[in-house]
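Below: the structure, in structure tokens.
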Amino acid sequence: MQFQDDVLRLVDQRLLPAEEIWLDCHTLLDVARAIEEMVVRGAPAIGCVAAFALALDAKEWEPRGGCWGDYRERFVAGIERLARTRPTAVNLFYALNHMRKLADSFTDHEPMATVVIATRRLARHLFDDDLATCQAIGQNGAQLAGGRRLRILTHCNTGSLATAGFGTALGVVRSLHAAAQVEMVYADETRPYLQGSRLTAFELEAEGIPYKVIADSAAAYLMQQGKIDWVIVGADRIAANGDTANKIGTYGLAVQCKHHGVDFYVAAPLSTFDTSLPDGSKIPLEERSAEEIRVTAGRQMTPRHAPIYNPSFDVTPGHLIRGIITEKMVLRPPYREAIAALWS
């Protein structure tokens, strides 16, 4: 993503890797639709673009004159609109809550020029902070390898495209690769939207990291053959007990890891933790359009009116997770105590 001259530019992730097309977002509604339609995805990236959307909206209002008191109602409506875009990714609400706190600091007579500068500054800060956070996650995760060359399986896309840059789980892979500690990365296709085969493979190839794309259903067989040392994934929301919501298929990988004795790691920033939720049963899980399963690359893949169930996320219980890699440290079970200590 790029933010300059009051335009938010997003690479259209729906078209990668075949085409690299950038879309210009000029309004908050442009950004909301981009999130909903998967132009941009990945929990940290969604939070960043939502913050920029509010900065765009303040700038759009500024020529009308007036002050914060005149604009406040529209600002609140903008937050509510963005909150409806993707319910599972808690980073979205992390960014929106920071914007709410900023809004609380304004007086009714605050000039709109001040509001524009402040919202833009905060959005940029959240972006820069996410980039630094991902780099720290990468460094902390790489230290777990102990000098070994690893064969790693990853799910969905957790790289630069899903964040402000560098990535979470894929950031760990990047750090390992820089230390010559990656033997092979296996990228799950990640059905039905193919974030692994389209986006993760795109990023791995660009970085020169050795990889192979596999069908989601091949993962257990590779573990049985002893070809996987680690599985490392990202997260969209982590409850107070370590239960983790991530792209559908993650839970199945964790179960397979438990059976085969493979280490299963989650890499996520502290902004992904939702300590208000006691466990994963309380995480709101998004169900997406049936057309994502019915149609692939414009081709009908099911009977036209086939009933479809398309959950976008599942929840992995904390007891199946070997460690949660954050920018501060690697958390180990029991997670309720470890997570509580971070906020104590």
With the condition kept exactly as written, say whether any residue in the range 237-250 is surrounded by fewer than 23 Cβ atoms within 10 Å (Cβ to Cβ) and of a type in the set (Lys, Arg). no
Answer residue from the range 145-160, given it is open to solvent by 30 Å² or more (accessible area, probe 1.4 Å) and farther than 21 Å from Thr250 by Cα and is modelled with the highest pLDDT among those: Arg149
Name every residue in the range 101-135 that is buried (at least 19 other Cβ atoms within 10 Å of the Cβ) and within 30 Å of Lys227 (Cβ to Cβ), in order of residue number. Cys134
In the range 164-219, which residues are open to solvent by 20 Å² or more (accessible area, probe 1.4 Å), of a type in the set (Asp, Glu) and part of a helix (DSSP H, G or I)? Glu205, Glu207, Asp216
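Output the residues belonging to the range 1-19 that are aliphatic (A, V, I, L, M) and either open to solvent by 80 Å² or more (accessible area, probe 1.4 Å) or assigned to a loop (DSSP other than H, G, I, E, B) (or both).
Of the range 1-19, the ones aliphatic (A, V, I, L, M) are 1, 7-8, 10-11, 15-16, 18.
Within the range 1-19, Met1, Leu15, Leu16, Ala18 qualify.
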Filtering the range 48-93 for residues that are among the small types (Gly, Ala, Ser), open to solvent by less than 50 Å² (accessible area, probe 1.4 Å) and outside any helix (DSSP H, G or I) leaves a count of 2
Could you check Ala45 against (1) of a type outside the set (Lys, Arg); (2) open to solvent by 10 Å² or more (accessible area, probe 1.4 Å); (3) not in a loop (DSSP other than H, G, I, E, B) and say which number it fails? (2)
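The values are calculated or read from the model by the stated rules, or taken from the named source; none is laboratory data. Since the structure is predicted, the reported quantities are computational estimates derived from the model, not experimental observations. Reconstructed Cβ throughout: ideal geometry from the backbone, glycine too, with neighbour counts over all protein chains shown. In case anyone asks, the SASA skips ligands and DNA or RNA and just uses the protein heavy atoms, side chains included. Shrake-Rupley method; radii C 1.70, N 1.55, O 1.52, S 1.80 Å.
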